[in-house]
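Peer 1: Just passing along the structure, written as structure tokens.
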Amino acid sequence: MIAYGEKIREIAKKLLAEERVDLIIGFKQGTLPLMTEPVMIKEPEKTDQLYWSSFCSMNLANYLPKRKEKIGIIAKGCDSRNIAVHIVENQIQREQLYIIGVPCTGMVDRRKIQSLVDGKEVREAIESDEELTIKGNGFEQTVKKIDYLQDNCITCMHRNPVIHDELVGDLVEERKDPDPYDDVKEIEELAPNEKWELYSNLIKDCTRCYACRNACPLCYCPTCFVDEADPQWVGKSIDPTDTMTFHILRAFHCAGRCTDCGACQQACPVDINVRLFTRKLNKDALELYGCEAGLSIEERPPLDTYQPDDYDKFIR
Amino acid sequence: MGIEPERLHFSWISSSEAPKFAEVATEVIETVRKAGPVKKLVKTRAEVV
Ligand code: SF4
Ligand code: SF4
């Protein structure tokens with residue numbers, strides 16, 4: 001996967017030089033190791049900034065809604081599904097996009113790497129196809145990347161882009177073995193009070209910074225319900241009730257649309273796994289409506305269509 | 001996420017189904033009463049210490 005960088009730069013340069021796109025949305029190297037930044041590039045000579053590593057975990061589909069230009073965008077499997085969701089929801093037109101697909105073998109979780117060295121400062125990270133070497137003051141360690149993947153990448157069943165105009169490498173094999181919802185099933189078994197305790201505990205450190213919302217491509221409303229002041233739908237404090245209301249509503253707004261890309265969890269400064277909310281809804285969307293978000297640009301999300309045989313056992 | 005099932009009711013009642021409405025409303029009241037006062041998602045006044 002490490003060779004993708006060269007290919008991305010080559011494709012981007014060609015697209016801009018031939019004026020087939022106005023803009024490339026991609027990643028550049030972060031100012032710190034284990035970090036990357038999103039970047040928008042308009043001139044062919046600046047394409048050498050483009051970069052690829054196992055830390056390109058942000059979801060670039062987040063930058064698409066309502067853009068007018070012709071755009072070249074780098075997309076992993078999950079990102080491509082969010083692009084499909086945007087197309088279905090009319091946030092961008094398919095013809096505007098040149099999707100540079102990245103067959104993905106999983107993103108490495110920088111927090112897992114960081115905890116490996118007890119929070120010591122990582123000064124340098126060197127990657128090969130399978131391994132990652134991290135160096136810092138007085139330490140050097142090499143690990144297998146596959147042992148430190150992000151949680152959502154471990155259970156990912158769609159690593160190849162579902163739509164693309166060009167690929168930067170050969171398709172990778174999709175996993176068939178894992179049941180992605182083991183943890184959700186465990187929670188489903190709990191009694192209501194135990195669930196309440198688990199979820200209350202999960203968000204007890206939430207500072208309402210909204211980084212999870214901002215990182216999510218699905219959250220493109222011009223004014224989010226949490227920011228509205230008139231009427232004020234939800235209190236703006238970190239009172240546990242206000243915080244829980246925010247999380248429940250955020251998750252339900254993503255129901256049937258979330259691709260489990262993990263951008264929300266990665267963005268959280270206090271390491272809250274907010275995916276525990278959305279994953280339950282993903283499981284429901286799959287089991288009740290046979291829907292996995294963003295697999296096609298024709299299928300509308302389950303909550304915005306009606307079928308006579310829709311699940312309705314809960315209605316008397 | 002732990003909202004008590006007793007507090008959540010969905011029903012589809014046409015305007016011509018008065019008896020069904022009365023029946024459902026009574027049942028909702030009974031089950032909610034059994035569940036007792038609500039403790040979750042209630043904002044209490046901030047404690048000042
Ligand atoms: S809710 Fe989280 S995992 Fe789902 S699409 Fe948004 S950022 Fe990705
Ligand atoms: S990113 Fe984390 S702290 Fe910020 S609002 Fe989301 S869950 Fe809360």
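The values are calculated or read from the model by the stated rules, or taken from the named source; none is laboratory data. Computed from a prediction, not measured in an experiment: that's the story for all the values here. Here Cβ is always computed from backbone atoms with ideal geometry, including for glycine, and neighbour counts include all displayed protein chains. In case anyone asks, the SASA skips ligands and DNA or RNA and just uses the protein heavy atoms, side chains included. Shrake-Rupley method; radii C 1.70, N 1.55, O 1.52, S 1.80 Å.
Peer 1: Any lysines with Cα under 28 Å of the A:LYS313 Cα? List them, leaving off those in the same chain fewer than 8 positions away.
Peer 2: A:LYS313 reaches A:LYS185, A:LYS195, A:LYS280, A:LYS283, B:LYS20, B:LYS34, B:LYS39, B:LYS40.
Peer 1: Interface A/B, total buried accessible area with a 1.4 Å probe, nearest 100 Å²?
Peer 2: On the way: alone 16330 and 5000 Å², together 19870 Å².
Buried surface at the A/B interface: approximately 1500 Å².
Peer 1: Given region A:183-240 reduced to its alpha-carbon atoms as identical point scatterers, what log10 I(q)/I(0) does the Debye formula return at q = 0.14, 0.16, 0.21, 0.29 Å⁻¹?
Peer 2: Taken in order of the listed q values, log10 I(q)/I(0) reads -0.58, -0.73, -0.97, -1.12.
Peer 1: Given a Förster distance of 41 Å, report the FRET efficiency between A:THR241 and A:ASP170 from their Cβ-Cβ distance, rounded to the nearest 0.05.
Peer 2: 0.20
Peer 1: With labels modelled as points extended 7 Å from the Cα through the Cβ direction, what inter-label distance (nm, one decimal) is found for A:SER296 paired with B:SER11?
Peer 2: The two pseudo-label positions are separated by 3.9 nm.
Peer 1: Okay, next question. Give, as a single signed number, the net charge of other residues whose beta carbon lies under 10 Å from the beta carbon of A:PRO301, with Lys and Arg counted +1 and Asp and Glu -1.
Peer 2: Every neighbour counted, the sum reads -1.
Peer 1: In addition: Enter the accessible area per residue of the protein assembly as shown (Å², integer; probe 1.4 Å; all protein chains in place).
Peer 2: 54 Å²
Peer 1: Additional query: Taking 0.36 nm per intervening residue step and subtracting the Cα-Cα distance, what contour gain separates A:ASN137 from A:GLU124 on full extension?
Peer 2: That works out to 3.7 nm of additional length.
Peer 1: In region A:45-119, carbon and sulfur make up what percent of the accessible area (probe 1.4 Å)?
Peer 2: Numbers: 1220 of 2530 Å².
Taking all protein chains in place, region A:45-119 shows 48 percent carbon and sulfur surface.
Peer 1: Could you grab the relative contact order for chain A? Cα pairs under 8 Å, six or more apart, rounded to a whole percent.
Peer 2: 17 percent.
Peer 1: Using unit Cβ charges (K, R positive; D, E negative) and no other charged atoms, how large, in debye to the nearest 20, is the dipole of region A:121-251 about its Cα centre?
Peer 2: Dipole size: approximately 480 debye.
Peer 1: How big is the dipole moment of the protein assembly as shown about its Cα centre under a simple scheme where the beta carbon of each Lys and Arg is +1, that of each Asp and Glu is -1, and everything else is neutral? Debye, nearest 20, please.
Peer 2: It works out to roughly 900 debye.
Peer 1: Can you list residues whose amide H is under 5 Å from A:LEU97's amide H, if they're 5+ apart or on another chain and H is modeled 1.01 Å from N?
Peer 2: A:ILE71
Peer 1: Can you pull out the GluC sites (Glu not before Pro) in region A:1-88 whose DSSP state is coil and whose Cβ has at most 16 other Cβ atoms within 10 Å?
Peer 2: Filter output for region A:1-88: A:GLU18, A:GLU19, A:GLU69.
Peer 1: Mind listing the phi-derived Karplus ³J(HN,Hα) values for region A:231-236, rounded to whole Hz, using 6.51, -1.76 and 1.60 with θ = phi - 60°, and x for any glycine or proline?
Peer 2: x, 8, 6, 9, x, 9
Peer 1: Give me the net charge of B:GLY36's neighbourhood, meaning all other residues with Cβ under 13 Å from the Cβ of B:GLY36; Lys, Arg count +1, Asp, Glu -1.
Peer 2: Taking every Cβ under 13 Å from that of B:GLY36, the sum is +2.
Peer 1: What does the charge dipole of chain B about its Cα centre add up to, to the nearest 20 debye, if the Cβ of each Lys and Arg holds +1 and the Cβ of each Asp and Glu holds -1? Intermediate results must be reported in sequence, preceding the final value.
Peer 2: Working: 8 positive and 7 negative charges, 65 e Å.
The calculation lands at about 320 debye.
Peer 1: In peptide A:310-316, how many Cβ atoms from other protein chains are near each Cβ within 10 Å, on average?
Peer 2: Rounded to a whole number, the mean comes out at 3.
Peer 1: Pull out the extension gain between A:GLU10 and A:ASN273, defined as 0.36 nm times the separation in residues minus the alpha carbon to alpha carbon distance; nm, one decimal. Let's see the in-between values first.
Peer 2: Working: separation 263, 0.36 × 263 = 94.68 nm, distance 3.64 nm.
Value of the extension gain: 91.0 nm.
Peer 1: Follow-up question, since we're still on this one. Residue farthest toward the positive end of the dipole of region A:231-316, with Cβ of Lys/Arg at +1 and Asp/Glu at -1: which of A:THR259, A:ILE297, A:PHE246?
Peer 2: Checking the options against the dipole of region A:231-316, the answer is A:PHE246.
Peer 1: A follow-up question, please. Under the definition of Cα pairs under 8 Å and six or more residues apart, what whole-number percent is the relative contact order of region A:90-177? Don't jump to the answer; show the numbers that get you there.
Peer 2: Numbers: 113 pairs, mean separation 34.9, N = 88.
For region A:90-177, the relative contact order is 40 percent.
Peer 1: In square angstrom, rounded to the nearest 10, how much accessible surface does B:SER15 have for a 1.4 Å probe?
Peer 2: The accessible area comes out at roughly 130 Å².
Peer 1: Do any chymotrypsin sites (Phe, Trp or Tyr not before Pro) in chain B lie in a loop, going by DSSP, with at most 11 other beta-carbon atoms within 10 Å of their beta carbon, and if so which? Walk me through the numbers on the way to the answer.
Peer 2: On the way: sites: B:PHE10, B:TRP12, B:PHE21; in loops: B:TRP12.
Those satisfying the criteria are B:TRP12.
Peer 1: Sticking with this one: For region B:1-42, which GluC sites (Glu not before Pro) pass both filters: DSSP loop (anything but H, G, I, E, B) and at most 16 other C-beta atoms within 10 Å?
Peer 2: Sparse-neighbourhood loop GluC sites (Glu not before Pro): B:GLU17.
Peer 1: Could you work out which residue, out of A:ILE11, A:ILE113, A:ILE126, moves most in a Gaussian network model of chain A, that is, has the largest mean-square fluctuation with Cα springs under 10 Å?
Peer 2: Comparing A:ILE11, A:ILE113, A:ILE126 in a Gaussian network model of chain A, the most mobile one is A:ILE126.
Peer 1: Quick one: Cα centre-to-centre distance for chain B and region A:275-316, in angstrom?
Peer 2: 25 Å
Peer 1: Under 10 Å, Cα contacts only: if you run a Gaussian network model on chain A, which one of A:ILE71, A:ILE24, A:ILE248 comes out with the highest mean-square fluctuation?
Peer 2: A:ILE248
Peer 1: How about A:LYS112: which lysines have a C-alpha closer than 23 Å to its C-alpha, ignoring those fewer than 8 places off in the same chain?
Peer 2: Within the straight-line cut-off, A:LYS112 pairs with A:LYS28, A:LYS76, A:LYS120, A:LYS135, A:LYS144, A:LYS145, A:LYS204.
Peer 1: Here is a further query. Per the helix-only calculation at 222 nm, which mean residue ellipticity applies to chain A, given -39500 (n - 2.57) for every DSSP H run of n ≥ 4 and division by its residues, nearest 500 deg cm²/dmol?
Peer 2: -8500 deg cm²/dmol
Peer 1: Among A:ASP230, A:ASP48, A:ASP79, which one shows the biggest mean-square fluctuation in a GNM of chain A, springs joining Cα atoms closer than 10 Å?
Peer 2: Ranking A:ASP230, A:ASP48, A:ASP79 by mean-square fluctuation puts A:ASP230 first.
Peer 1: Then there is this: Rank A:GLN114, A:LEU15, A:VAL172 by how far each Cα sits towards the positive end of the charge dipole of chain A (+1 on Lys, Arg Cβ; -1 on Asp, Glu Cβ) and give me just the farthest.
Peer 2: Checked the options; the winner is A:LEU15.
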